[in-house]
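Below is one structure, written out as structure tokens; the observations come after it.
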Amino acid sequence: MTDTQTRAGFAALIGEPNAGKSTLLNWMVGAKVSIVTHKVQTTRARIRGVAMDDQNQIVFVDTPGLFRPRRRLDRAMVAAAWGGAADADVVVLLIEAHRGLTDGVQAILDALAENMSHVRLALAINKIDRVKAEDLLALTQKMNSAYDFEKTFLISAERGHGCEDLKHWLGEQMPEGPWLYPDDQIADLPMRMIAAEITREKLTLRLHQELPYQLTVETEKWEERKDGSARIDQIVYVSRDGHKGIVLGKGGETAKAVSKAAREELQEFLGRKVHLFLQVKVRPNWLEESERYSEMGLDFKDGNA
Ligand SMILES: Nc1nc2c(ncn2[C@@H]2O[C@H](COP(=O)(O)OP(=O)(O)OP(=O)(O)O)[C@@H](O)[C@H]2O)c(=O)[nH]1
Ligand SMILES: [Mg+2]
């Protein structure tokens, strides 16, 4: 009887911006469902990805990075991250091996101790490919004297090192019960949102400084065509006139390159032809508009101090 008992639950990934949470989620799911860039604050909302370990189902919850919020969007992102942790059966804190116990990590540990001491917490030291093995032992000890983690994993989310062990352990920690999603479903994000995220990733990779933070992408229209292809219309909202010019680039070059890269990835994801049309609109106040937040899957009210 125990052989057929299934388990299912939620494992939230939290950590500082850039720790590798989205990379780990994608590895666990076996597909890219959450966008990844080398820049901080890439993920904006809670994204779920479904992974199976034998008969155990783990619904991974990718969260925005935790940092000291300043603006409304920051606050909504950080609130979404803590919300993801509070609802999970197990929380995995990701830190970067080469950065160690930073002030930012310490702040997260303090907040966990204060508000979330009931939450089961595991530590994943990520990016072990960037450090020497002997440094890892010292960091493991330092982290475990700073907080009483249930378990520590040494991983490289990018290369997959240690990830199988982490998945297996999490599978065993999930509560007994029926699966929450069909076992062939990998994400619960609507396709139009995944499509917008892919375009935002390509923009973030190509644009410099603060600009990626200042823009948002929405899928405006999605049309299924008779020939099996899809026509997708998206709007890139920016807050200033000058930003529109930067997103478009000289002679529209930047927008064209972004649109090509996004279209190629979408075609691969969907397995069919895609016609992608991007439009850039200036909307000075979009960072204060509740509709923009609901499109991103964030709670506008959480952005209030
Ligand atoms: N060397 C190395 N780089 C990694 C590893 N895992 C992730 N990265 C890189 O770290 C950067 C950030 O990865 P993300 O997965 O976007 O990080 P995140 O924690 O989701 O970041 P936010 O969404 O901004 O909070 C990317 O450039 C990844 O390629 C790893 O194991 N080793
Ligand atoms: Mg992320």
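The values are calculated or read from the model by the stated rules, or taken from the named source; none is laboratory data. Predicted, not measured: the structure shown is a model, and the values here were computed from it. Neighbour counts run over all protein chains shown; Cβ positions are idealised from the backbone, glycine included.
Restricting segment 287-305 to residues that are over 16 Å from the mean Cα position of the chain (by Cα) and of a type in the set (A, V, I, L, M) leaves a set whose member that is modelled with the highest pLDDT is 287.
All conditions in (1) closer than 23 Å to residue 165 by Cβ; (2) within 16 Å of ligand 2 (Cβ to nearest atom) hold for residue 80, with the sole exception of (1).
For segment 123-152, which residues satisfy the criterion of being within 16 Å of ligand 1 (Cβ to nearest atom) and either among the aliphatic types (A, V, I, L, M) or touching a residue at least 40 places away in the same chain (Cβ under 8 Å) (or both)? Of everything in segment 123-152, those that are within 16 Å of ligand 1 (Cβ to nearest atom) and either among the aliphatic types (A, V, I, L, M) or touching a residue at least 40 places away in the same chain (Cβ under 8 Å) (or both) turn out to be 123, 124, 125, 126, 127, 128, 131, 133, 136, 139. Checked across segment 98-105, the condition of being touching a Leu at 6+ places or on another chain (Cβ under 9 Å) and of a type in the set (Ser, Thr, Tyr) holds for no residue. Mind listing whichever residues of segment 106-126 are in contact with a Leu (Cβ under 9 Å, 6 or more places away or on another chain) and at pLDDT below 95? Scanning segment 106-126 gives a single hit, 119. Somewhere in segment 231-253, is a residue exposed (fewer than 14 other Cβ atoms within 10 Å of the Cβ), in a strand (DSSP E or B) and aromatic (Phe, Trp, Tyr)? No; the residues of segment 231-253 include none that is exposed (fewer than 14 other Cβ atoms within 10 Å of the Cβ), in a strand (DSSP E or B) and aromatic (Phe, Trp, Tyr).
Within segment 4-13, restricting attention to residues that are more than 9 Å from ligand 1 (Cβ to nearest atom) and touching a residue at least 60 places away in the same chain (Cβ under 8 Å), the residue that is nearest to the chain's Cα centre (by Cα) is 12. Per the listing 256, 202, the residue uniquely out of contact with any strand residue (DSSP E or B) (no Cβ under 7 Å at 6 or more places or on another chain), part of a helix (DSSP H, G or I) and within 16 Å of ligand 1 (Cβ to nearest atom) is 202. Scanning segment 123-160 for residues that are crowded, with 19+ Cβ neighbours inside 10 Å and not in a loop (DSSP other than H, G, I, E, B) yields 123, 124, 125, 126, 128, 139, 143, 153, 154, 156.
Conditions first: (1) among the acidic types (Asp, Glu); (2) closer than 23 Å to residue 302 by Cα; (3) away from ligand 2 (no atom under 15 Å from the Cβ). Residue 148 passes all but one, so which condition is the exception? Among (1) among the acidic types (Asp, Glu); (2) closer than 23 Å to residue 302 by Cα; (3) away from ligand 2 (no atom under 15 Å from the Cβ), residue 148 violates only (2).
Selection of first residues in segment 256-268 that are assigned by TED's automatic domain parsing to the domain that holds residue 195 and of second residues that are hydroxyl-bearing (Ser, Thr, Tyr), restricted to Cβ pairs under 7 Å at least 6 apart or on distinct chains, gives the following pairs, ordered by first then second residue: 258/199; 262/199. Name the residues in segment 46-79 that are under 15 Å from residue 108 (Cα atoms), in contact with a strand residue (DSSP E or B) (Cβ under 8 Å, 6 or more places away or on another chain) and surrounded by fewer than 20 Cβ atoms within 10 Å (Cβ to Cβ), would you? Passing the criteria: none in range. A Cβ distance below 8 Å, combined with a sequence gap of six or more or placement on separate chains, defines the contacts here; from segment 22-39, residues that are closer than 13 Å to residue 167 by Cβ and in the same structural domain as residue 12 (by TED's automatic domain parsing) reach no residue that is near ligand 1 (Cβ under 7 Å from one of its atoms) and in a helix (DSSP H, G or I). Residue pairs whose Cβ atoms lie under 9 Å apart, separated by 6 or more positions or on different chains, with the first residue in segment 68-80 and assigned by TED's automatic domain parsing to the domain that holds residue 48 and closer than 19 Å to residue 12 by Cα and the second buried (at least 18 other Cβ atoms within 10 Å of the Cβ) and of a type in the set (Val, Ile, Thr), are 77/43; 77/63; 80/63. Looking at segment 86-108, is at least one residue away from ligand 1 (no atom under 16 Å from the Cβ), touching a residue at least 60 places away in the same chain (Cβ under 8 Å) and polar (S, T, N, Q)? No.
Scanning for something of a type in the set (Lys, Arg) and within 14 Å of ligand 1 (Cβ to nearest atom), does segment 18-33 turn up at least one residue? Scanning segment 18-33, I find at least one residue that is of a type in the set (Lys, Arg) and within 14 Å of ligand 1 (Cβ to nearest atom), so the answer is yes.
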